[in-house]
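Peer 1: Structure below; questions to follow.
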Amino acid sequence: MDRMPAWADAILVPLISLILAAALSALVIIGIGEDPIAAVKLMVAGSLGSTYGWGYTLYYATNFIFTGLAVAVAFHARMFNIGGEGQATLGGLGVALACLYIPWPHWSLAILAACGMAALFGAAWAFLPAYLQAKRGSHIVITTIMFNFIAAALLNYVLVNVLRPEGSMDPATARFPDAAKLPTLHELLAPLGIEFSRAAPANVSLVIAILACIFVYLLIWRTKLGYQIRALGHSEPAARYAGISPVKITIIAMLISGGLAGLMAINNVMGEAERLVLNAVEGAGFIGIAVALMGRNHPLGVFFAAILFGFLYQGGAELALWTSIPRELIVVIQALVILFTGALDNMVRMPLERLFLTFRRKGS
Amino acid sequence: MAQELDTGRQATAAPAIELKGISKAFGPVQANKDISIRVMPGTIHGIIGENGAGKSTLMSILYGFYKADAGEVFINGRKTEIPDSQAAIAAGIGMVFQHFKLVQNFTVLENVILGAEDGRLLRPSLAKARGVLKQLAEEYELNVDPDALIQDLSVGHQQRVEILKALYRQADILILDEPTGVLTPAEADHLFRILDNLRREGKTIILITHKLREIMDITDTVSVMRRGEMTATVKTEGTSPEELAELMVGRKVLLRVEKKAGNPGEKVLEVEGLTVTDEAGVVRLKGIDLHVRAGEILGIAGVSGNGQSQLLQVLGGICAATGMVRVNGASIDLSGKYSDGQSRRARGIGHVPEDRQQEGLIMDFAAWENIAFGYHNDPRFGAGIFMSHAEMMADTEGKMSRFDVRPPNPRLAAKNFSGGNQQKIVVAREIERNPDLLLIGQPTRGVDIGAIEFIHEQIVRLRDEGKAILLVSVELDEIMSLSDRVAVMFDGQIMGERLPHETDERELGLLMAGIQGEPDKPVIEAVDEMMARKQAEEEAAHNG
Amino acid sequence: EPALIFDLGGKFDKSFNEAAFTGAKAWADETGNSFREIELQSEAQREQALRRFAESGANPIVMTGFAFGDALGQVAPDYPDTKFAIIDMVVDAPNVRSVVFNEHEGSYLVGMMAAMASESGTVGFIGGMDIPLIRKFACGYVQGVKAVNADAEVIQNMTGTTPAAWNDPVKGSELTKAQISQGADVVYAAAGGTGVGVLQTAADEDILSIGVDSNQNYMHPGKILTSMLKRVDVAVYEAFTSGEDLETGINVMGIGNNGIGYALDEHNKDLITEEMKAAVDEAAAKISSGELVVHDYMADSSCPAE
Amino acid sequence: MDLLTIVQILDSTLRLATPLLLACLAGLFSERAGIFDIGLEGKMLAAAFFSAAVAYTSGSVWLGLLAGIAASLALSALHGLASITFRGNQLISGVAINFLAAGMTVLIAQDWFSQGGRTPSLFGGGRFEPITLPFADALANVPVLGPIYSELLSGHSILVYVALATVPLTWWILFRTRFGLRLRAVGEAPEAVDTAGVSVVGLRYAAVGICGILCGIAGSYLATGLQAGFVKDMTAGRGYIALAALIFAKWRPWYALGACLLFGLLQAVALRYQNIDLGAFEIPVQFMDALPYILTVVILAGFVGKAIPPRAGGEPYVKER
Ligand SMILES: Nc1ncnc2c1ncn2[C@@H]1O[C@H](COP(=O)(O)OP(=O)(O)OP(=O)(O)O)[C@@H](O)[C@H]1O
Ligand SMILES: Nc1ncnc2c1ncn2[C@@H]1O[C@H](COP(=O)(O)OP(=O)(O)OP(=O)(O)O)[C@@H](O)[C@H]1O
Ligand SMILES: [Mg+2]
Ligand SMILES: [Mg+2]
């Protein structure tokens, strides 16, 4: 018998955790002498109150959908891919190479190539940690952390010494050619008669992110590969028994995970900055962890959690702009969400389980 | 309710242990329900019951490992609170767990003093313990090298360390949870001699075991548990194995399987020179030769840990090996590179693994998902890269009804079925594929008597349909009653083959201890010799 | 309402960004008006910050640092009615004012002072990010040192190749220790927030140091020889004052128009001798009049003096 | 390269290795007891901020040190709560703690000092001043040994010597005391400790507590010894390098010293030289920056000796499902 109904596990527990995190965040805001209600109003207005705000919210959400899905897919194979940051960094490099060196006739072709390169580079960066985990039992968490740092150093080197245009002081690549410019939501929605802010960076990558959600859903719950990933995630000895190769599935799952993280680059590098800068990922790889935890590793959950974090990000930026609350407030909120939905999960779950158990005993 | 009874011996003294009304629930599982028990000092008290009956839970509560939800404990007549193991140790209780609680990379000495050190510094504690240990070892024939690392010791020696730990803490009450499951019959005999000595010194012993023979041999009184309750406590002298079995499962038990004489045909499985070396470099199988014919059940007997598991794993495609294996005359790849569980299944090999919860099922998958486990690439469950959920669901419903799985709900997660029903799901999945060769390990471990009968019938039916069956079980009774031929494994080798009606448990027991043809040699010496040789080989492998 | 965007070093880097803040604050104090500001956290935010301020109607928008060049180039045409001012970079757009400084001139002056104050004949230079702009500082400094003492040795180090180099005090401190061990007894820090570590270590090790951009003399009174003043504060102040009428185009600030100078106050008056002051002021006058030309590294990406 | 340069680089190595060493030993206590801790970074950061803030306001570096330790301990307690009491995922808890520290330090710093997330510079009694060892000045001119003694060994802040002394102390505690035996046991087989009548929870909290104290010292050293004040994100990945060093050291105290000195040396060299010219080719500074991580991956891959973590590490001790 389960200790509590599935809906409680999937929705009630994260919801309560989220409320706790929100309550604590409010306390933090009060602690630094600001008004939490006013802060929330400002955040809502700034991120959801205009198409400009929505444009940024959705732009951030697009990043987080990719990294959240990346973490989720790895979680299904019981791996904690903390390397989204590095994989997305490398994805950016892939996108930059695809956009800079090939004269694309049209963005639709460019984005296909960019997706391919982003996923390829992201997956490649996940390969070694995956291989070491599968073949040599090196803990994937530690290796992916190390690979985040190595990726940062590598990108640093490439931008400073290789891709920086002659005479530029910025460690950044040149602008991508106009043909590689992705249409923004403004351009996409205008033909439909919908007025959307032209300044906001949300772009066609959002559509790809939604497709990625559907892809991950089908992959995990409908395909044979997904079946094997989940089986391995639940029990390695069982997987061996069933003739599922742990080495192969571990590596494939991590390649998919790294590819998804890398795909993020089409949004931030190709869609927004239109050139590759240092630290373009801006911690989205880590936010993917929070997003996956909150979304219970389900694409639908990831989608909504990503929107929530997009809101937090854009709202936080607005706060920093209009008040003296530093942008770091978002980092704190993010930490609290990870803490409550991830690490302190049992704090919420155990009393709930007891509650359900008592009800059931009384019922029967 | 348990029948109160006087155990004789020291009728006037207070009981060494008395438990009153102990209850314990793990979430929705009620492991112990209002259990009461009395054990008189200087006696050996047996506890029997099916798997999951709650024996270990009850003893763990006495030892302070779990906290009871309700109930009281009296030690030597005094009510004693046992909130943790510290309190139990202080009350003179020692326990040897079913799964040893040792630190693998510590020395014997360090394990013995852990938690019982004298003072804050280690050196004096270690020195003192070394002396005491030597003395105890002599007194009770419990020799172990105090400086050996636990991970280098055999299971039997590890168990000695556990007993030494208890004695070092001056336990007067010793609890042993299934101590013989991992021992050869000879090692078990040795253990029982020690227990007898301890009893003679006035110590009180509680012995949990599944083996009715052991209960009859050594205990003074015995309690029977069923489904979390204590069904009876009786004097050993006044009972019989049949009565105990009945008390255990709640109805009369048929200890033998009805089956017709076999009709063996072609060799389906041929194994020659099968050798397996594990990751640590230990040779687990040392050149196995055997064959199984169509319409025949070959039973593999042996103490667990002597290579049976590896044999099943190699044949099932889980681990690599060298040597030759032919199925229906065609040899199969053993290197692990070109074939795995999937391709073995395609070759007509079905496999019911020894551990259904760890291997045979994904406990968090629903029954319908588990039905495709191992056969997920079968086109029947969906063409291309996608799986057909409808097909899997229909298949599950059919199997559930034919195998009487309860509740017949395909959407229930595997973990929510009882052990017996979980096993039925696995057996249904493997048998209904109609394999030419069925590998089946511990088919009835932890399964109630009703389900045992059903599963045994299915195995015999498959044989009668002309399929080959390789059966591995640690239960000698099961091997004897099901098999057409019995092979005994010891230390990675086949010690010999017998026909069940031409042998007896005594002979098989000797084979299981690695003794062939020299029945006059004192068993214990032979075993020690054998173990020493085994250990030396392992060491050599480690070093090499 | 005008707006000010600080670069990654942050507004309290005690140097470049802080100078901008000082200017803005002076304007606010004087006029009683308020301004908007934001400190960037990452590269990727530049464009968002610019757009957000422009959207909200801030005018003019001032940003500190060459790194805004690319983003501004994208954003400026989208908001033709908004005036922008960028410091340390030239952006060619009709609504942008590009403020650049003759840092080589100021560095020349403090280089002279370093050479005169040095007893060992070895002085040091610690730059921030290794870019032409900082080489320009270094080159002016070396020229000034050599002008006083042709035999003097100048040890040069750069902190790094990325913007992180503007904010790495530990590295600044270690580089200073290294230069001291090589004999330097005056070090010039042109490294933003990294300079805090340089000045601190110089003070701890009891040698002289030279601050940059803002007047940093107060940080370690009596231990900082002087500060090369780059009047970012003036640039910001002027931009804010002109408001929407901000003149666009390139605005060069040098010794001639008080955009560049050196700091002399109560904290370092005991360190500056009359003769030092006289020599430096004379050079300043010559530069101002065009009589003395200090080579600008960025003119030809090379430095005649090493 | 002359002796003086070498001594200078080693001197710098020692300074830079100190926070690594303290954090590494902190991790060693925690992980030896079975609690993985990727939150070393966050604890150091919190300690750095609070030590600088309190040292600045009180003018006493010792009060600052205490505050730093207290802050780090508070985060340790949080980690303990999540991973010991509530049996949560230790890695996730560590990630959360790193974010929490990164955000809170800046928020509070901004609230208290309004200097863009930093504290004002420390001076005088607010900092740990270098200590000159006896006879350092007198011996300075003795060839070879003189500079080594007076430049390399002498003239560090007291926390450097504390860190060095912690190495033998850690070794002694782990391998020569009852507490150490139990601590190691609880990281290998908590059920053995539990059934031996010793509290697993108590031991693990003790280990996490020690970890907190050492991280506190490490963070305080950063802000009040190595530098004079707190700046945003000033740990700059040192917690992760310490973690790498811990793996490199295979969870042993003396090896930890070696690993931290090696990584400190790498940092010292990378700090001093931009690119290292080896004649035939140039090692880019970015490679030097990444070298500790690369070395750790190599070790993890098991090509150079295998690093076996404590067996029960990372798993909560669950008796009842
Ligand atoms: N730690 C635990 N958490 C949750 N449930 C448990 C735990 N230990 C035992 N149980 C459940 O309690 C019941 C009794 O288990 P227990 O181990 O006491 O049985 P047992 O009689 O010792 O069985 P066996 O013969 O297999 O050793 C079982 O249903 C088991 O699943
Ligand atoms: N670890 C567990 N977690 C959750 N539920 C459990 C657990 N162990 C047992 N149960 C529940 O308790 C019930 C009894 O399980 P158990 O395995 O003890 O049955 P059983 O009486 O031994 O039956 P069977 O004879 O079929 O093995 C099952 O229905 C199962 O749902
Ligand atoms: Mg048991
Ligand atoms: Mg059962």
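Peer 1: Identify the single condition in (1) at pLDDT 90 or above; (2) farther than 15 Å from B:T221 by Cβ that B:I44 does not satisfy, given that it satisfies every other one.
Peer 2: (2)
Peer 1: Let me ask something else about it. Looking at B:K55 and the list (1) buried (at least 23 other Cβ atoms within 10 Å of the Cβ); (2) more than 8 Å from ligand 1 (Cβ to nearest atom), which single condition is not satisfied?
Peer 2: Going through the list (1) buried (at least 23 other Cβ atoms within 10 Å of the Cβ); (2) more than 8 Å from ligand 1 (Cβ to nearest atom), B:K55 breaks only (2).
Peer 1: Specify which of the listed residues (C:T161, C:T122) is surrounded by fewer than 24 Cβ atoms within 10 Å (Cβ to Cβ) and touching a Pro at 6+ places or on another chain (Cβ under 8 Å).
Peer 2: Numbers: C:T122 fails: touching a Pro at 6+ places or on another chain (Cβ under 8 Å).
Residue meeting the stated conditions: C:T161.
Peer 1: Scan B:G323, B:G350 and give me the residue that is open to solvent by less than 10 Å² (accessible area, probe 1.4 Å) and closer than 30 Å to B:N434 by Cβ. Explain how you work it out, then say what you get.
Peer 2: Values: B:G323 fails: open to solvent by less than 10 Å² (accessible area, probe 1.4 Å).
Result: B:G350 is the single residue among B:G323, B:G350 that is open to solvent by less than 10 Å² (accessible area, probe 1.4 Å) and closer than 30 Å to B:N434 by Cβ.
Peer 1: Considering each residue of the range D:145-204, count those that are assigned to a loop (DSSP other than H, G, I, E, B), within 13 Å of chain B (Cβ to nearest Cβ) and either surrounded by 22 or more Cβ atoms within 10 Å (Cβ to Cβ) or in contact (Cβ under 8 Å) with a residue 24 or more places away in the chain (or both), and give that number. I'd like the intermediate steps shown before the answer.
Peer 2: Keep residues of the range D:145-204 that are assigned to a loop (DSSP other than H, G, I, E, B), which gives D:154-155, D:189, D:196-199.
Those still in the list that are within 13 Å of chain B (Cβ to nearest Cβ) too: D:189, D:196-199.
Those left that are additionally either surrounded by 22 or more Cβ atoms within 10 Å (Cβ to Cβ) or in contact (Cβ under 8 Å) with a residue 24 or more places away in the chain (or both): D:189, D:196, D:198.
So the answer is 3.
Peer 1: If we keep just the residues of the range C:31-55 that are in a loop (DSSP other than H, G, I, E, B) and more than 8 Å from chain A (Cβ to nearest Cβ), which is surrounded by the fewest Cβ atoms within 10 Å (Cβ to Cβ)?
Peer 2: Of the residues in the range C:31-55, the ones in a loop (DSSP other than H, G, I, E, B) are C:32-35, C:40-42.
If we keep only those that are more than 8 Å from chain A (Cβ to nearest Cβ) as well, we get C:32-35, C:40.
On the way: C:G32: 6, C:N33: 12, C:S34: 10, C:F35: 17, C:L40: 25.
The selected residue is C:G32.
Peer 1: Being open to solvent by 30 Å² or more (accessible area, probe 1.4 Å), out of contact with any Asp or Glu (no Cβ under 7 Å at 6 or more places or on another chain) and more than 16 Å from ligand 3 (Cβ to nearest atom) is the filter here, so list the residues in the range B:92-117 that pass it.
Peer 2: B:E110
Peer 1: I'd like to check something: does the range A:56-78 contain any residue that is among the hydrophobic types (A, V, I, L, M, F, W, C), outside any helix (DSSP H, G or I), within 14 Å of chain D (Cβ to nearest Cβ) and open to solvent by 40 Å² or more (accessible area, probe 1.4 Å)? If you could, list the steps in order and put the result at the bottom.
Peer 2: Looking only at the range A:56-78, we keep the residues that are among the hydrophobic types (A, V, I, L, M, F, W, C), and these are A:58, A:61, A:64-66, A:69-75, A:77.
Now drop any that are not outside any helix (DSSP H, G or I), which leaves A:77.
When the remaining residues are screened for being within 14 Å of chain D (Cβ to nearest Cβ), the result is none.
No; the residues of the range A:56-78 include none that is among the hydrophobic types (A, V, I, L, M, F, W, C), outside any helix (DSSP H, G or I), within 14 Å of chain D (Cβ to nearest Cβ) and open to solvent by 40 Å² or more (accessible area, probe 1.4 Å).
Peer 1: Another question, if that's okay. Has the range B:322-334 got any residue that is within 14 Å of another protein chain (Cβ to nearest Cβ) and over 21 Å from the mean Cα position of the chain (by Cα)?
Peer 2: Just the residues of the range B:322-334 that are within 14 Å of another protein chain (Cβ to nearest Cβ), to begin with: B:332-333.
With over 21 Å from the mean Cα position of the chain (by Cα) added as a condition, the list becomes B:332-333.
The answer is yes, given that some residue of the range B:322-334 is within 14 Å of another protein chain (Cβ to nearest Cβ) and over 21 Å from the mean Cα position of the chain (by Cα).
Peer 1: Moving on to the next point. Checking C:D213 against (1) open to solvent by less than 10 Å² (accessible area, probe 1.4 Å); (2) more than 9 Å from every other protein chain (Cβ to nearest Cβ), which test does it fail?
Peer 2: (1)
Table: residues versus (1) within 16 Å of ligand 4 (Cβ to nearest atom); (2) touching a residue at least 24 places away in the same chain (Cβ under 8 Å).
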position: B:K337; (1), (2): no, no
position: B:R345; (1), (2): no, yes
position: B:I362; (1), (2): no, yes
position: B:Y375; (1), (2): no, yes
position: B:P408; (1), (2): no, no
position: B:A414; (1), (2): yes, yes
position: B:Q423; (1), (2): yes, yes
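Peer 1: On to the next question. Do you know which of the residues in the range C:138-151 that are touching a residue at least 24 places away in the same chain (Cβ under 8 Å) and open to solvent by 10 Å² or more (accessible area, probe 1.4 Å) is nearest to the chain's Cα centre (by Cα)?
Peer 2: Here is the first cut: in the range C:138-151, the residues touching a residue at least 24 places away in the same chain (Cβ under 8 Å) are C:138-149, C:151.
Still in the running and open to solvent by 10 Å² or more (accessible area, probe 1.4 Å): C:143, C:146-149, C:151.
Values: C:Q143: 18, C:K146: 22, C:A147: 22, C:V148: 23, C:N149: 25, C:D151: 27 Å.
Applying the filter and picking the extreme gives C:Q143.
Peer 1: Would you confirm, using the coordinates I've provided, whether C:V154 is within 20 Å of C:L175 (Cα to Cα) and open to solvent by 10 Å² or more (accessible area, probe 1.4 Å)?
Peer 2: On the way: within 20 Å of C:L175 (Cα to Cα): yes; open to solvent by 10 Å² or more (accessible area, probe 1.4 Å): yes.
Yes, satisfied.
Peer 1: Inspect the range A:348-364 for any residue being touching a helix residue (DSSP H, G or I) at 6+ places or on another chain (Cβ under 6 Å), within 14 Å of chain D (Cβ to nearest Cβ), more than 22 Å from A:G55 (Cβ to Cβ) and among the acidic types (D, E) and give the result as yes or no. Break it down stepwise before answering.
Peer 2: Within the range A:348-364, the subset touching a helix residue (DSSP H, G or I) at 6+ places or on another chain (Cβ under 6 Å) is A:348-349.
Retained after the next criterion (residues that are within 14 Å of chain D (Cβ to nearest Cβ)): A:348-349.
From the residues that got through so far, the ones that are more than 22 Å from A:G55 (Cβ to Cβ) too are A:348-349.
Still in the list and also among the acidic types (D, E): none.
No, the range A:348-364 contains no residue that is touching a helix residue (DSSP H, G or I) at 6+ places or on another chain (Cβ under 6 Å), within 14 Å of chain D (Cβ to nearest Cβ), more than 22 Å from A:G55 (Cβ to Cβ) and among the acidic types (D, E).
Peer 1: So, one more: Out of the residues in the range B:48-84 that are over 26 Å from B:K211 (Cα atoms) and not in a loop (DSSP other than H, G, I, E, B), which is farthest from ligand 2 (Cβ to nearest atom)?
Peer 2: B:R78
Peer 1: Please tell me if D:A82 is surrounded by fewer than 18 Cβ atoms within 10 Å (Cβ to Cβ) and over 24 Å from D:M234 (Cβ atoms). Before you say what the answer is, go through the steps one by one.
Peer 2: Values: surrounded by fewer than 18 Cβ atoms within 10 Å (Cβ to Cβ): no; over 24 Å from D:M234 (Cβ atoms): yes.
Here the answer is no, as D:A82 does not meet what is asked.
Peer 1: Shifting gears a bit: Condition test on D:G125, is it in contact (Cβ under 8 Å) with a residue 60 or more places away in the chain and open to solvent by 20 Å² or more (accessible area, probe 1.4 Å)? First the steps, then the outcome.
Peer 2: Working: in contact (Cβ under 8 Å) with a residue 60 or more places away in the chain: yes; open to solvent by 20 Å² or more (accessible area, probe 1.4 Å): yes.
Against the criterion (in contact (Cβ under 8 Å) with a residue 60 or more places away in the chain and open to solvent by 20 Å² or more (accessible area, probe 1.4 Å)), D:G125 qualifies.
Peer 1: Search the range B:23-51 for residues that are within 14 Å of another protein chain (Cβ to nearest Cβ) and pair each with any residue that is modelled with pLDDT under 85 and more than 9 Å from ligand 1 (Cβ to nearest atom) when their beta-carbon atoms are under 6 Å apart and the residues are at least 6 apart or on different chains.
Peer 2: Once the first residue is within 14 Å of another protein chain (Cβ to nearest Cβ) and sits in the range B:23-51, its partners that are modelled with pLDDT under 85 and more than 9 Å from ligand 1 (Cβ to nearest atom) give B:G27/A:R3; B:P28/A:M1.
Peer 1: Among the residues of the range B:270-293, what is the count of those that are hydrophobic (A, V, I, L, M, F, W, C) and either surrounded by fewer than 18 Cβ atoms within 10 Å (Cβ to Cβ) or more than 18 Å from B:S331 (Cβ to Cβ) (or both)? Break it down into steps so the answer makes sense when it comes.
Peer 2: To start, the set of residues in the range B:270-293 that are hydrophobic (A, V, I, L, M, F, W, C) comprises B:271, B:274, B:276, B:280, B:282-283, B:285, B:288, B:290, B:292.
Next, only the ones that are either surrounded by fewer than 18 Cβ atoms within 10 Å (Cβ to Cβ) or more than 18 Å from B:S331 (Cβ to Cβ) (or both) stay: B:280, B:282-283.
Count: 3.
Peer 1: Tally up the residues in the range D:236-290 that are within 13 Å of chain A (Cβ to nearest Cβ), within 21 Å of C:L175 (Cα to Cα) and in contact with an Asp or Glu (Cβ under 6 Å, 6 or more places away or on another chain), please.
Peer 2: 2
Peer 1: For the range D:249-292, which residues satisfy the criterion of being under 16 Å from the mean Cα position of the chain (by Cα) and among the aromatic types (F, W, Y)?
Peer 2: Within the range D:249-292, D:W251, D:W254, D:Y255, D:F263 meet the criteria.
Peer 1: Tell me whether the range B:424-440 contains one or more residues that are farther than 26 Å from B:M480 by Cα, within 10 Å of ligand 2 (Cβ to nearest atom), open to solvent by 10 Å² or more (accessible area, probe 1.4 Å) and not aliphatic (A, V, I, L, M).
Peer 2: Initial filter on the range B:424-440 (farther than 26 Å from B:M480 by Cα): B:433.
Narrowing the set further to residues that are within 10 Å of ligand 2 (Cβ to nearest atom) leaves none.
Scanning the range B:424-440 turns up no residue that is farther than 26 Å from B:M480 by Cα, within 10 Å of ligand 2 (Cβ to nearest atom), open to solvent by 10 Å² or more (accessible area, probe 1.4 Å) and not aliphatic (A, V, I, L, M).
Peer 1: Oh, and also: Does B:V132 fit the bill of being within 14 Å of another protein chain (Cβ to nearest Cβ) and either modelled with pLDDT of 90 or more or surrounded by 16 or more Cβ atoms within 10 Å (Cβ to Cβ) (or both)?
Peer 2: Values: within 14 Å of another protein chain (Cβ to nearest Cβ): no; either modelled with pLDDT of 90 or more or surrounded by 16 or more Cβ atoms within 10 Å (Cβ to Cβ) (or both): yes.
So B:V132 does not fit the description; no.
Peer 1: Another one. Hey, any hits in the range A:323-341 for a residue that's surrounded by fewer than 20 Cβ atoms within 10 Å (Cβ to Cβ) and either more than 8 Å from chain D (Cβ to nearest Cβ) or among the β-branched types (V, I, T) (or both)? Please lay out each step first, then the result.
Peer 2: Initially, the range A:323-341 is screened for residues surrounded by fewer than 20 Cβ atoms within 10 Å (Cβ to Cβ), giving A:323-324.
Remaining after also requiring either more than 8 Å from chain D (Cβ to nearest Cβ) or among the β-branched types (V, I, T) (or both): A:323.
Looking through the range A:323-341, at least one residue is surrounded by fewer than 20 Cβ atoms within 10 Å (Cβ to Cβ) and either more than 8 Å from chain D (Cβ to nearest Cβ) or among the β-branched types (V, I, T) (or both).
Peer 1: What number of residues within the range A:221-241 are more than 8 Å from chain B (Cβ to nearest Cβ) and surrounded by fewer than 21 Cβ atoms within 10 Å (Cβ to Cβ)? Don't jump to the end; show me each part of the working.
Peer 2: Keep residues of the range A:221-241 that are more than 8 Å from chain B (Cβ to nearest Cβ), which gives A:221, A:226, A:229, A:232-233, A:236, A:239.
Among the residues that remain, those that are also surrounded by fewer than 21 Cβ atoms within 10 Å (Cβ to Cβ) are: A:221, A:236.
Selection size over the range A:221-241: 2.
Peer 1: With the structure loaded, tell me whether B:I61 is within 16 Å of ligand 4 (Cβ to nearest atom), β-branched (V, I, T) and more than 10 Å from every other protein chain (Cβ to nearest Cβ) or whether it fails that test. Spell out the reasoning first.
Peer 2: Details: within 16 Å of ligand 4 (Cβ to nearest atom): no; β-branched (V, I, T): yes; more than 10 Å from every other protein chain (Cβ to nearest Cβ): yes.
So B:I61 fails the test.
Peer 1: Give B:E457, B:E478, B:E430 a once-over and let me know the one that is within 30 Å of B:V282 (Cα to Cα), acidic (D, E) and within 23 Å of the chain's Cα centre (by Cα).
Peer 2: Result: B:E478 is the single residue among B:E457, B:E478, B:E430 that is within 30 Å of B:V282 (Cα to Cα), acidic (D, E) and within 23 Å of the chain's Cα centre (by Cα).
Peer 1: I'm trying to understand the selection: among the residues of the range B:304-316, which are in contact with a helix residue (DSSP H, G or I) (Cβ under 7 Å, 6 or more places away or on another chain) and open to solvent by less than 10 Å² (accessible area, probe 1.4 Å)?
Peer 2: Scanning the range B:304-316 gives a single hit, B:G316.
The values are calculated or read from the model by the stated rules, or taken from the named source; none is laboratory data. Computed from a predicted structure; not experimentally measured. Heads up, the Cβs are rebuilt from the backbone with ideal geometry, glycines too, and the neighbour counts pull from every protein chain shown. To get the accessible areas, we keep the full protein, side chains included, count just its heavy atoms, and leave off ligands, DNA and RNA. Shrake-Rupley method; radii C 1.70, N 1.55, O 1.52, S 1.80 Å.
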